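Right, one structure below, let's go through it.
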Amino acid sequence: MQPNASLEQLLDALARNAALPDELAEATPPQIYTSPEFLEYELDQIFNHEWFCVGREDEFAEPGDYRTMKVGRDPIIILRDRDGVLRAMSNICRHRMTTLLDQPSGTIKGRITCPYHAWTYNLDGQLIGAAHMRDNFDKKKVCLPQFNIEVWNGWVYVSLDPDARPLAPRLKGLSERLANFRLPEYETLFRLEEIWDTNWKILAQNFTEGYHLFVAHADTIEPAMPTRLANAMHGGEGYSLYEQGRIPGTSYESTLAMESDNPDLTDEDRGKAVLTCIFPCHVMSVSAERTFWLSLQPHGVDKVKVLWGADIYPGTVPDDALDAYAKELHKGFDRINDEDKPIIGSIAQNASALAAEPGRLSPKERTIWDFQKYLARTLCKAD
């Protein structure tokens, strides 16, 4: 492909790539990672319409609990209001577009007050205070724009599109595969927000393939979850799927003794981790004891904002060991992330090279092929 290819050329390349049969599947055309025009098109066609994970429901346990983040171009607030309703709304004041809440998370004890002119909102987004306005100004007609919100298996998702199709029906097959894990019962261990130096699609693809474990994670994941036991499977309309076998009695995460007492799990469930990308950009690894997940938002063509963390099945470790387990798990996942970062960063840098071309995918990378087919369905159809 020629340097500085047009959006039309990039969409044609994506469509051709996605049309290849499974046995001839190739990696993503590189300029799809590097084109600013393609990113703007993604923001219009994907990030303005799809569902995005914003955390776990237990993070919003009490009235006033909130998280702020950006979905596409829009800063939003996710909170539990005084009536116990979980809401997603704009984080932009309806007066002169100031950011209302500037902290990533917290608990609102009173109301939401704009730091610029003190316009004040209830937790349902309704304006209740605006000083020094004319008598003909009606506060009742001013409310923060509300966005769709849906809870699936304990994760909270937001869509900016008022006409967004419900998420759960697209994940029916995944829900069935994960049913025994009882995911709504998992409890938050920790959360972080970071900026990584790569394109958001590169990170999504990296997380959900097991082909690189025996090289990039030779001393961490591979001894416990070897590449030879990675099985890329057929996903569904809204997700990719692979199962990763585990070596009994080994762990790359923790030295602490841990065992889930979930009675629904089979021996097969306990012997595997299930990894998925819920399109477009929520990736997760689910095991009997814990989850490890990332939610991605583009921060330019070569940077991605990552909300990530881990959750635990209740009782997996004793309560008095929970803090130590969380710290050890955090340290272990940091090590794994640090192994991935230079590799996926180099892909983002090399994608603009004249010699950069997509190579043939391994059967263990079928999840990348599924991801590319999702992109083609969403973007090429929109064009």
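The values are calculated or read from the model by the stated rules, or taken from the named source; none is laboratory data. None of these values were measured; they are calculated from a predicted model. FYI the Cβ positions are ideal-geometry reconstructions off the backbone, even for glycines, and counts take in every protein chain you see.
In the set (1) more than 25 Å from GLY238 (Cβ to Cβ); (2) free of Cβ contacts under 8 Å to residues at least 40 places away in the same chain; (3) surrounded by 17 or more Cβ atoms within 10 Å (Cβ to Cβ); (4) of a type in the set (D, E, K, R), the condition left unmet by ARG67 is number (1). Screening GLY300, GLY309, GLY359, GLY315 for residues that are within 17 Å of the chain's Cα centre (by Cα) and either of a type in the set (Lys, Arg) or surrounded by fewer than 17 Cβ atoms within 10 Å (Cβ to Cβ) (or both) leaves exactly one candidate, GLY300.
If you go through the stretch 202-234 and keep only what is at pLDDT 95 or above and within 19 Å of the chain's Cα centre (by Cα), you end up with ILE202, LEU203, ALA204, GLN205, ASN206, PHE207, GLU209, GLY210. Residues that are under 23 Å from the mean Cα position of the chain (by Cα), part of a helix (DSSP H, G or I) and aliphatic (A, V, I, L, M) were ranked within the stretch 6-48; the one that is surrounded by the fewest Cβ atoms within 10 Å (Cβ to Cβ) is LEU43.
The set of residues from the stretch 98-130 being in a loop (DSSP other than H, G, I, E, B) and either among the small types (Gly, Ala, Ser) or over 25 Å from GLY55 (Cβ atoms) (or both) comprises GLY110, TYR116, HIS117, ALA118, TRP119, GLY125, ALA130. Based on this model, can you work out whether THR120 counts as among the polar types (S, T, N, Q) and either closer than 19 Å to PRO63 by Cα or modelled with pLDDT under 95 (or both)? Yes.
Looking at the structure I just gave you, is ARG165 over 17 Å from GLY55 (Cβ atoms), basic (Lys, Arg) and in contact with a Phe, Trp or Tyr (Cβ under 8 Å, 6 or more places away or on another chain)? Judged against the criteria, ARG165 is not a match.
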